[in-house]
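The values are calculated or read from the model by the stated rules, or taken from the named source; none is laboratory data. Here the structure is a predicted model, which means the values were calculated and not measured. In this analysis, Cβ positions are derived from the backbone assuming ideal geometry, glycine residues included, and neighbour counts consider all displayed protein chains.
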Amino acid sequence: MPRPEAARIAAAAAGLLLLLAAAGEALADGAARIAALAPAEREALQRRADAWDALPAAMQGERREAWLAWRALPADERARMQAAREAWRQLPVDRQQALRAEFDALDAGIRRGWLLGPTLGAHWPRLHALFAQVEPDERQALLAALRALGPQALDDLGVLAQRTPPQERAALREALLAQPPDGRAAWLRRRLAP
């Protein structure tokens, strides 16, 4: 009978091999897609890769974060953002620059809130204090809960977030998540009642 630590090591090694195999399949799939590109498309892809490699690491990180945030957005939020981008592109250049300067002047935490999309981004100035210290394993559940709330409930939560002392914010988040999803808005409204 194998020793327990030897069995754990064997299981970990098997898991690692499965992960490497999956990564290898993904790489092979990507290589096959690249090989299927026309020469001009491969050259354009290479230029994009070179431009990416030339970016400072901090900018690569910001763009990667924005791309991952974009992929995590619901389809309707992406559509709203695409429409906003098209409307922005139709503005005169001086107005685009003024809006960009206004956005850049925001606190970094508020700017990052807009990565959550137009609905949560608009409420983020009042919500961010409540969610600033969220553990990574709690993040997805909280985002799902926030996205399921209507505008009034988000406003109510924003008021509660501002009223809640920092040491009590984790308890407020836990209590919010403990409510049935269809009862969260009413729960928030009751919490605001005098």
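Annotations
A quick yes/no check of all residues on (1) touching a strand residue (DSSP E or B) at 6+ places or on another chain (Cβ under 8 Å); (2) in a loop (DSSP other than H, G, I, E, B); (3) exposed (fewer than 13 other Cβ atoms within 10 Å of the Cβ):
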position: GLU102; (1), (2), (3): no, no, yes
position: LEU115; (1), (2), (3): no, no, no
position: TRP124; (1), (2), (3): no, no, no
position: ALA129; (1), (2), (3): no, no, no
position: GLN133; (1), (2), (3): no, yes, yes
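- In the set LEU143, LEU91, LEU120, only one residue is surrounded by 12 or more Cβ atoms within 10 Å (Cβ to Cβ) and over 24 Å from LEU177 (Cβ atoms); that residue is LEU91.
- Within the set GLY109, GLY158, GLY117, GLY121, the sole residue that is of a type in the set (Gly, Ala, Ser), in the same structural domain as ARG80 (by TED's automatic domain parsing) and more than 23 Å from GLU65 (Cβ to Cβ) turns out to be GLY158.
- Beta carbons closer than 8 Å, at least 6 apart along the sequence or on distinct chains, pair a first residue in the range 57-74 that is within 10 Å of LEU115 (Cα to Cα) with a second that is charged (D, E, K, R) and part of a helix (DSSP H, G or I) for TRP70/ARG78.
- Verdict on GLY109 being modelled with pLDDT under 90, touching a Gly at 6+ places or on another chain (Cβ under 6 Å), in a helix (DSSP H, G or I) and surrounded by 13 or more Cβ atoms within 10 Å (Cβ to Cβ): no
- A single member of ALA98, ALA49 is in the same structural domain as GLY30 (by TED's automatic domain parsing) and surrounded by fewer than 13 Cβ atoms within 10 Å (Cβ to Cβ), and it is ALA49.
- The helices (runs of 4 or more DSSP H) found wholly in the range 1-97 and carrying at least 1 residues that are touching a helix residue (DSSP H, G or I) at 6+ places or on another chain (Cβ under 6 Å) and at pLDDT 85 or above occupy 57-72, 75-89.
- Some residue of the range 147-159 being closer than 19 Å to GLY183 by Cα, part of a loop (DSSP other than H, G, I, E, B) and touching a residue at least 12 places away in the same chain (Cβ under 8 Å): yes
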